[in-house]
Structure formats: C-alpha cells, structure tokens
C-alpha cells in the first residue's frame, strides 16, 4: 500500500497552481497589458493575448487537471497496489485494485472527515482503511465484526454472536509465483451471511484464539489468509473514521510479470 498521502500532495498542487493563476490574473496581467498599451500609444485590440510567464502558463494549464484528479480520487475511486499475501486467495501480491470512495459516505480530502453519510459497511466487505497504529499506512482486510457484535476466534473457527461461521472444504491450495509459499494450506469457502468467499487456513500454524466485543463506530477485520495476516486479532478494531473505501475490482496484476487473467476480476 501507499506510504504517503496522495490527497495531501494533490491538494497542495491545486492550491499552488490556483494561487499562481489567480495572482497573475488579478495583479500581474493588468500591469503587463498597461505597459503594452502605454508602449503602443493606444488601446489593446480585443483579439490580442499577451505572452505569460512559463510558470503561469503551466499553472493555468494543470490547475483543472489537478482539480479533476483530486475530486476523482477523493470522492469516486482510488487505486491501490497489494504488496503482501495477507488477503490470499482473494487478492494476490501485485494486484492493482480500485476502491470505491463513496460507498460509506463522502469524506473531505486530507482530513478524511465525513460530510455526507451514504451507506455503512456490511459484513464481508473487503475494505481499505488507515492502519490505526499508523494512519499514514493504508491496510486492506475483510470486515467480520460490525459495531455491537461479539466475535470469537477459536481453533481457527470464526464465531459471530455465538454462531459458528460455516465453511466448505475445497481441497489444498496451490499457489503460483509469490503465493507458492502457501501451497498445501487448507482451501475453504467461508459462508459469511450473504457473502461467500475463499480463505486459507494453515493447519500447522500457531492458533490465535480470542473473543472480542466490537465497540460502537468500529469494526473487526481479518485477512483471508488467516494464519498469515496481522489484523484485529493483533492490534484491535478499525474506527469508522479510518475507512477509505470498499475494494471492488482488480484492474491488473504484476507479480514477476503480468497476469492477464486477473484483469477486471470483481472482489468478493
């Protein structure tokens, strides 16, 4: 995931280019025209446009582009790259994904403050969020527990409000490229209410048991690669204000080369 705040950079570019353009329009351009008129001894024809400094030309050319990019990434979709295997088999190392930024409400860029509530996260959603222990770092996991839920994880089995989540065995996982290290793990389909998705469980890995009461306004998340994921079992819950959006599509994959078969894959 990205380790710098792209929205903050784009906001800075918007402000800087807009300020340069505005200052030139209001202050320096009238002086240029006045000097030109004085030198020519008369009024300036309406169809004449005087040359502008290079920095001003670039500012007014790129300002609308910066604004459009900022709006698209802040309120519509944002791309991310998957750097680790914590969400295998759903997401592989090198997947480039798109994240819906308005599913859970519109937020101001940089501050991430919600100003329009649209929807709320559902159990089973794959979400990108700001890591609570380091908000500059985006993480991606699956929502298992909603506010008010009691989640238990015992002997590699998830329980939601006292009821065990159902699984269907799919055999042994066979991974390719970076995922090859997980070959041999148990390959399961998890039935999480209305969402059916696939997970990996490594039988010989240490068991991380625990019970968790999800606070109001927060979420309990797990990686689909259950024994190779640092998630809510280790560092706690995800506050609503940390949510960035819901991952919905893979638009390409590059892991030691391209994998064209993953282009356009929807994220379940």
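Of all residues in the stretch 133-148, those that are at positive phi have Cβ atoms under 7 Å from Cβ atoms of residues that are surrounded by 14 or more Cβ atoms within 10 Å (Cβ to Cβ), 6 or more apart or on another chain, in 148/214.
Against the condition touching a helix residue (DSSP H, G or I) at 6+ places or on another chain (Cβ under 7 Å) and either more than 19 Å from residue 244 (Cα to Cα) or loosely packed, with under 15 Cβ neighbours inside 10 Å (or both), how does residue 34 come out, does it pass? So residue 34 fails the test.
Here's the yes/no breakdown for (1) free of Cβ contacts under 8 Å to residues at least 12 places away in the same chain; (2) exposed (fewer than 14 other Cβ atoms within 10 Å of the Cβ):
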| residue | (1), (2) |
| --- | --- |
| 183 | yes, yes |
| 205 | no, yes |
| 208 | no, no |
| 231 | no, no |
| 268 | no, yes |
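Quick check: is even one residue across the stretch 176-192 outside any helix (DSSP H, G or I), more than 21 Å from residue 139 (Cβ to Cβ), in contact with a strand residue (DSSP E or B) (Cβ under 9 Å, 6 or more places away or on another chain) and modelled with pLDDT under 95? No, every residue in the stretch 176-192 fails to be outside any helix (DSSP H, G or I), more than 21 Å from residue 139 (Cβ to Cβ), in contact with a strand residue (DSSP E or B) (Cβ under 9 Å, 6 or more places away or on another chain) and modelled with pLDDT under 95.
The values are calculated or read from the model by the stated rules, or taken from the named source; none is laboratory data. Being a predicted model, the structure only gives us computed values, none of them experimental. Positions of Cβ are backbone-derived with ideal geometry, glycine not excepted, and every protein chain shown enters the neighbour counts.
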